[in-house]
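Some notes on the structure that comes next.
The values are calculated or read from the model by the stated rules, or taken from the named source; none is laboratory data. Remember, predicted model here, so these are calculated numbers, not experimental data. With ideal geometry, Cβ positions are generated from the backbone for all residues, glycine too; neighbour counts draw on all protein chains shown. Surface accessibility is based on the protein's heavy atoms, side chains included, excluding ligands, DNA and RNA. Shrake-Rupley method; radii C 1.70, N 1.55, O 1.52, S 1.80 Å.
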Amino acid sequence: QFTPREEEKPGLAQSVILYGYPGVPIADEDRYAMTVLDGALSGIYYPGGRLHERLRDAQLVYGVHAYNSGGLGTAMFVVQAATTADKRAQVQEIIEEEMQRLLDEDVSAAELERAKSMAIAARAISLQTNAAQAGDATSNELFGLGYRVDDDYAEKINAITAADVRRVAKQYLHLEHAARAVVESPQ
């Protein structure tokens, strides 16, 4: 059940909103569809996607992003936004609208292709150094995936369809299963 908890922290200049949803565990093949969903929603490490366009372009937030944080048996999908107290309600409303849109309709062909490109590029950039490649291989081995699990990453990402994105949204991203935290300065 969705039960908001709000807490005031004196001295903070902004309002930070976090939504935590159940996410895709690291070993689940749905992680590829969730990555593409992240790209369409928030841009995968870089500004972009629906949330950025609606919130940042309208100057309602300092920043907004979403990401899946996968663990072995459980995971969380997080949406975070930094705004001001006077814009908080509007920002929350837009985030919740966009999360619902993911459940109600497919992402467009343009959003899907842009998200796939972002996912592939972000992975390539994250693995530019030998240390990053070694860390990735080590983590994959420790998680029981095998160090070469993502040798075909681009193919797995490119195989994702708009229906796959909507399916994982419907499986994981219902507001009633989310936790929301808001931290802001007193008004």
Any idea which of 99, 118 is touching a residue at least 24 places away in the same chain (Cβ under 8 Å), open to solvent by 20 Å² or more (accessible area, probe 1.4 Å) and in a helix (DSSP H, G or I)?
-> 118
Collect the residues in the range 139-160 that are in a loop (DSSP other than H, G, I, E, B) and closer than 30 Å to residue 91 by Cβ, keeping them in residue-number order.
-> 160
Got at least one residue in the range 136-148 being surrounded by fewer than 17 Cβ atoms within 10 Å (Cβ to Cβ), on the phi < 0 side of the Ramachandran plot, in contact (Cβ under 8 Å) with a residue 60 or more places away in the chain and among the aromatic types (Phe, Trp, Tyr)?
-> yes
Restricting attention to the range 38-54, which residues are more than 12 Å from the chain's Cα centre (by Cα) and crowded, with 24+ Cβ neighbours inside 10 Å?
-> none
Reported set for the range 55-84 where residues are open to solvent by 70 Å² or more (accessible area, probe 1.4 Å) and of a type in the set (A, V, I, L, M) is 72, 76
Within the bounds of the range 83-96, is there any residue that is part of a strand (DSSP E or B), touching a helix residue (DSSP H, G or I) at 6+ places or on another chain (Cβ under 9 Å) and either in contact (Cβ under 8 Å) with a residue 60 or more places away in the chain or not aromatic (Phe, Trp, Tyr) (or both)?
-> yes
Among the candidates 169, 132, single out the residue that is among the aliphatic types (A, V, I, L, M), closer than 23 Å to residue 21 by Cβ and part of a helix (DSSP H, G or I).
-> 169
So which pairs qualify, if the first residue must be in the range 152-168 and touching a residue at least 12 places away in the same chain (Cβ under 8 Å), the second must be outside any helix (DSSP H, G or I) and of a type in the set (S, T, N, Q), the Cβ gap must be under 8 Å, and the two must be at least 6 apart or on different chains?
-> 162/108
